[in-house]
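Novice: Quick one: the structure is below, and I'll ask about it shortly.
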Amino acid sequence: MSEIEQRLKALAARFSEWWGSSAKAARERRAESSAQLRREAKARARQAASRVQDFRESERGQQAASKLSDLRTTETAKRAEAALKDLRTSETAKKAESALADLRQREPVKKAEEGARKVLNDLFSGSGGGSDATGDH
């Protein structure tokens with residue numbers, strides 16, 4: 001029996017070692033995948049910012065800015081702005097704002113907001129966190 005026990009212990013030890021190395025490899029793959037996503041997001045953000053700057057400096061961008069400025073100063077735009085301000089201060093708007101504040105106090109919504117904040121913080125800070133959807137590291 002002792003030989004069987006020794007073989008079982010050896011098998012258990014090898015299985016335990018394999019399991020540990022497999023989990024470590026999975027964590028490393030997740031961390032590398034997150035890092036790659038951050039690098040791609042940063043590169044695309046830089047590219048988008050460059051394109052926006054190029055558009056602003058272009059003749060078409062200058063024309064669009066001028067037309068937008070002209071549009072904002074029209075009488076129709078001023079009336080729309082006043083109507084929107086009136087709507088925001090109405091009783092219905094206040095009730096809607098209160099209902100939204102109550103909704104945001106619910107636990108599932110709080111958890112979702114916190115999770116989103118953590119993901120964005122990790123993305124923009126460049127920390128490897130290595131967490132999955134369950135929050136495990």
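Novice: Take the residues in region 81-99 that are under 30 Å from LEU71 (Cβ atoms) and of a type in the set (A, V, I, L, M, F, W, C); name whichever of them is most open to solvent (accessible area, probe 1.4 Å).
Specialist: Across region 81-99, the extreme among qualifying residues is LEU87.
Novice: While we're on this one: Quick one: which helices (runs of 4 or more DSSP H) sit completely within region 63-137 and have at least 2 residues that are at pLDDT below 90 and under 30 Å from ALA26 (Cβ atoms)?
Specialist: Ranges flagged: 107-125.
Novice: A follow-up question, please. Take region 10-32 and flag every residue that is under 21 Å from PHE124 (Cα atoms) and open to solvent by 60 Å² or more (accessible area, probe 1.4 Å).
Specialist: ARG27, GLU28, ARG29, ARG30, GLU32
The values are calculated or read from the model by the stated rules, or taken from the named source; none is laboratory data. Computed from a predicted model, the values in this text were never measured in an experiment. In this analysis, Cβ positions are derived from the backbone assuming ideal geometry, glycine residues included, and neighbour counts consider all displayed protein chains. These accessible areas exclude ligands, DNA and RNA; they are computed on the full protein's heavy atoms, side chains included. Shrake-Rupley method; radii C 1.70, N 1.55, O 1.52, S 1.80 Å.
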